[in-house]
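Comments concern the structure below.
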Amino acid sequence: MKWILTILFVTVMATDIDRIARINELKDEAREAYNAGNYEKALEHYRFLVDSMKVMDDKIMLNMANALYQLQDTAQAINSYQSVSDSPDKLISSVAHQQLGILSNRTGNAQEALEHFKQALRKDPSNEDARYNYELLKKVLDEQQKKQEEEKRDEQKDKQDKKDEQGDQEEQQQDQQQKQDQNKEGEQENKEQKEQSEQGKEEEQQEQKDSEQTEEGEEKEKSEQEKEGNPENQEEQDEQKNEARQKEIAERLKDMKISEEKARMILEAMKNNEIQYIQQNKRKATQKKDSSKPDW
């Protein structure tokens, strides 16, 4: 019985020794292939250790993730790095976060990359690669943010300038419109003043014309009155009337078939009577009225 147990123990021990030896052998081959740049071969050994030999070693997982990274298999590399990012081995965790930061930055997630670099430094403050990447990326992000803020300010300034320019244009248009309105009002006022002036001139001319006509009429009336009041004119007018009347009577007598001699006698008699009547009227007009006697 003891011999059986001894044989079993020896057999198990031999098996474990062979397994350990095989594991070490695969690790060495994987490391040599990685260092030689044969990442596919290295990845093959690491996957055999993990999948076939069930070696759960964070360092092997990290090396496998590095091989995937070198082969640019980003998705598988990220999964492998994430599996050891919380490793109790702070050095392994720091490197895993550092590589995750590089991959995040490569895919355009700068803020996520900056956080991974920060975690890498927290896990291992001596990780200079992580520090360099963190400081460089932070500087780039700060510059980008500054540039974005400047662009935003410039954009706001451009908007304000355009708004001010638009306001100036509107103000200029308003001023121009106001000037045009004022000019129109001025032209209208000038036109009205001109029309009033012309109307005033016409009225003045009409008044002057009316005044001249009135004066002319008054002078004519005065002249006629003077003529009527002048005895000589009156006498001349009476003679003219008498001659016209005698001529008219002569025509009538002729129509009545009265002889020329008889007609002449009748006219002479009438003429003498006219003369006497006129003389009597002249005497009456020249005699002054006696104020002591009554009108009747």
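What you get for the range 2-148, charging only the Cβ of Lys and Arg (+1) and of Asp and Glu (-1), is a dipole of about 300 debye around the Cα centre. The charge dipole of the range 99-180, taken about its Cα centre with unit charges on the Cβ of Lys, Arg, Asp and Glu (plus for the first two, minus for the last two), comes to roughly 580 debye. Across the cross-link table entries 118/146; 59/138; 59/139; 90/146; 162/184, which are compared at the Cα atoms, the separations over 24 Å belong to 59/138; 59/139; 90/146; 162/184. Label sites at residue 160 and residue 118, each approximated as a point 7 angstrom past Cα along Cα to Cβ, lie 3.3 nm apart. Using the Cβ of residue 97 as centre and a radius below 13 Å, the other residues enclosed give a net charge of -1, where K and R count +1 and D and E count -1. Applying 1/(1 + (r/R0)^6) with R0 = 41 Å to the Cβ-Cβ distance of residue 208 and residue 181 gives a FRET efficiency near 0.55.
Full-extension gain between residue 148 and residue 71, please, as 0.36 nm times their residue separation minus the C-alpha to C-alpha distance. Numbers along the way, then the final one.
Numbers: separation 77, 0.36 × 77 = 27.72 nm, distance 3.56 nm.
Taking residue 148 through residue 71 to full extension adds about 24.2 nm, to one decimal.
Since every read-out is calculated from the coordinates, none of them should be taken as a lab result. Remember, it's a predicted structure, so these values are computed and weren't measured experimentally. Virtual Cβ from ideal backbone geometry, glycine too; neighbours counted across all protein chains shown.
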